[in-house]
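Undergrad: Below is the structure I would like to discuss, written out as structure tokens.
The values are calculated or read from the model by the stated rules, or taken from the named source; none is laboratory data. Since we're looking at a predicted model, the values are computed, not measured. Ideal geometry is used to build each Cβ from the backbone, glycine not excepted, and the neighbour counts take in all protein chains shown.
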Amino acid sequence: MNKTICDAKFNREVKRNQAPGEIYDRESQQCFEWMERVKMLPSPKVRKFEQSKEELAQTDWAGRQLSDTRYICKEVRGYLRQLYPYSPDESKYVQVVAGGATANLRHVWHINAILSDGDIEVKNRTDHRHHAVDAIVIALTDRWLYQYISKLAGRNRELMKRKLSGFELPWESFLSDVEDALNSIVISHAPTRRIRGQFVEETAYGPTVTPGVYVTKKELSSMTPKMVENIIDETIKELVKARLSAFDGDFKKAFGDETNPLLHSDGKTPIRKTRIYVKMSPDTLVPIRDTSGKEYKYYPLAGNHHVRIYENTLTEDRKAVLVPRFYAAQRSWKPADLGPEWRLLFTLCSNDYVEFLGDDGRLRVYRVQKMSGGQNWQVQLRPLEDTRAGYIPGITVVMTGSNALRKITRKLQVDPLGHLTQAND
């Protein structure tokens, strides 16, 4: 366990979830004094202070991946060598191939081009099938070839490229066979049926006399211009506007300096948070009641667990009803009755598979990646092989209405080996 000595108030109210270099403006006096003290620390520690949160996360992630990969390779090789100990048969010799060697062979054999639109240099990591490409290369790497590449790697890089450029393909139809094999792969994603994650958000909201309008506290440094207009206390609103105008509308500069807080009109009491009005749909909130049963505060629902797809037996229209994690975890909860003409077709969790009819008339298999909204729901589908998380134009399929839902021809299920069958629900 790592332990530090720190001021709890500073850590909680100022630093929060930020890297050290993101706390203060680089031109502020506090940052100058801080960096003077930092200079007395060892160089590696100073470098950490200079890194952003994203840089720290990337560095830690890469280091963990390399360390884990080395350990996993060592253990797997140990297990497999128990099956084929010191076998003279080349096909049964178990070895671990370094990533650099596979990269060189992918380049020499032009395999990268299959998943990278003809570019032999780039490994397409946005396609899950790049792991299969590595597996093919490793399967074709014998002891002699691996040792030869390893020796070349320790010499001049240009010499290595010239030596490897003369390598022939393993067989004449190699590239077309690899492409056919990759196109036949069905990526297996495990559906997330377990209920994990927050049920509700941490921020509480209070009721008002106006339906759909609630009140909550907000830190000044994290506000937006629109929120300023919704500040309840008129005196504080004017003080906030005056402070912002002095800092050209920069909220972080105006309110992020702990040593120079905004003060009340008495000139003594600091203002770090204030109450604002917020418009929210009651359907997205969980009420909390007191002992008398009266609702006195609300928490927003934190996320959805699955979506229920219904079809109208008379009109064949379809409808999606999202089920938040909060309600999915309650055994006694029942969905609202839509009427006798509506029947449940199936439910979809993240990573469930569907067969979808595209605008070009072709049937494709997609996985459910994301679902959001309430009344204005949205369900996003993504190709099985795509590794990216965000919305990608031309790749991500966004369903927002009945017509889009009617393009789902059936729900599918996949086993760990990639065999597709029709789901039974």
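Undergrad: Against the conditions (1) of a type outside the set (D, E, K, R); (2) surrounded by fewer than 14 Cβ atoms within 10 Å (Cβ to Cβ); (3) in a loop (DSSP other than H, G, I, E, B), where does Ser176 fall short? Just the number, please.
TA: (3)
Undergrad: Based on this model, can you work out whether Thr269 counts as closer than 28 Å to Val228 by Cβ, β-branched (Val, Ile, Thr) and modelled with pLDDT under 90? So that I can check it myself, show each step before the final result.
TA: Values: closer than 28 Å to Val228 by Cβ: yes; β-branched (Val, Ile, Thr): yes; modelled with pLDDT under 90: yes.
Judged against the criteria, Thr269 is a match.
Undergrad: Can you tell me which residue is nearest to the chain's Cα centre (by Cα) among those in the range 291-326 that are buried (at least 17 other Cβ atoms within 10 Å of the Cβ) and aromatic (Phe, Trp, Tyr)?
TA: Once the filter is applied, the top-ranked residue is Phe326.
Undergrad: For Lys237, state whether it is closer than 24 Å to Thr203 by Cα and either assigned by TED's automatic domain parsing to the domain that holds Tyr296 or in contact with a His (Cβ under 6 Å, 6 or more places away or on another chain) (or both). Reasoning before the result, please.
TA: Details: closer than 24 Å to Thr203 by Cα: yes; either assigned by TED's automatic domain parsing to the domain that holds Tyr296 or in contact with a His (Cβ under 6 Å, 6 or more places away or on another chain) (or both): yes.
So Lys237 fits the description; yes.
Undergrad: Scanning the range 353-377 for residues that are polar (S, T, N, Q) and surrounded by fewer than 16 Cβ atoms within 10 Å (Cβ to Cβ), which turns out modelled with the highest pLDDT?
TA: Ser372
Undergrad: Any idea how many residues of the range 181-214 are on the phi > 0 side of the Ramachandran plot and within 19 Å of the chain's Cα centre (by Cα)?
TA: 1
Undergrad: Hey, another quick one. Taking into account only those residues within the range 23-54 that are at pLDDT 70 or above and among the acidic types (Asp, Glu), which is nearest to Ser222 (Cα to Cα)?
TA: The qualifying residue nearest to Ser222 (Cα to Cα) is Glu33.
Undergrad: Turning to a different aspect of this structure: Take Gly118 and tell me if it is small (Gly, Ala, Ser), at pLDDT 70 or above and either in the same structural domain as Thr387 (by TED's automatic domain parsing) or assigned to a loop (DSSP other than H, G, I, E, B) (or both).
TA: Working: small (Gly, Ala, Ser): yes; at pLDDT 70 or above: yes; either in the same structural domain as Thr387 (by TED's automatic domain parsing) or assigned to a loop (DSSP other than H, G, I, E, B) (or both): yes.
Yes, satisfied.
Undergrad: Which residue out of Leu363, Leu348, Leu322, Leu357 is over 25 Å from Ser188 (Cβ atoms), in contact with a strand residue (DSSP E or B) (Cβ under 8 Å, 6 or more places away or on another chain) and not acidic (Asp, Glu)?
TA: On inspection, the qualifying residue turns out to be Leu322.
Undergrad: For a quick check of your reading of the model, give me the residue pairs whose first member lies in the range 130-142 and is within 11 Å of Leu115 (Cβ to Cβ), whose second is aliphatic (A, V, I, L, M) and part of a helix (DSSP H, G or I), with beta-carbon atoms closer than 7 Å and at least 6 apart or on different chains.
TA: Filtered contacts from the range 130-142: His130/Leu115; Ala132/Leu182; Val133/Leu115.
Undergrad: Check whether at least one residue in the range 144-164 is among the charged types (D, E, K, R), without any contact (Cβ under 8 Å) to a residue 12 or more places away in the chain and surrounded by 14 or more Cβ atoms within 10 Å (Cβ to Cβ), and report yes or no. Give the steps one after another, and end with the answer.
TA: So the first thing to find is which residues in the range 144-164 are among the charged types (D, E, K, R), and the list is 151, 155, 157-158, 161-163.
This time we only want the ones that are without any contact (Cβ under 8 Å) to a residue 12 or more places away in the chain, so: 151, 155, 157-158, 161-163.
When the remaining residues are screened for being surrounded by 14 or more Cβ atoms within 10 Å (Cβ to Cβ), the result is 163.
Checked the range 144-164: at least one residue is among the charged types (D, E, K, R), without any contact (Cβ under 8 Å) to a residue 12 or more places away in the chain and surrounded by 14 or more Cβ atoms within 10 Å (Cβ to Cβ).
Undergrad: Another one. So, Ala242, is that one under 34 Å from the mean Cα position of the chain (by Cα), surrounded by 11 or more Cβ atoms within 10 Å (Cβ to Cβ) and closer than 27 Å to Gln18 by Cβ or not?
TA: no
Per-residue answers, yes or no, for (1) among the charged types (D, E, K, R); (2) outside the structural domain of Lys273 (by TED's automatic domain parsing); (3) surrounded by 12 or more Cβ atoms within 10 Å (Cβ to Cβ):
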site	(1), (2), (3)
Phe199	no, yes, yes
Lys217	yes, no, yes
Ser222	no, no, yes
Pro225	no, no, no
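Yes/no matrix, rows are residues, columns are (1) at pLDDT 75 or above; (2) over 27 Å from Lys92 (Cβ atoms):
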{"site": "Leu105", "(1), (2)": "yes, no"}
{"site": "Ala113", "(1), (2)": "yes, yes"}
{"site": "His131", "(1), (2)": "yes, no"}
{"site": "Tyr146", "(1), (2)": "yes, no"}
{"site": "Met160", "(1), (2)": "no, yes"}
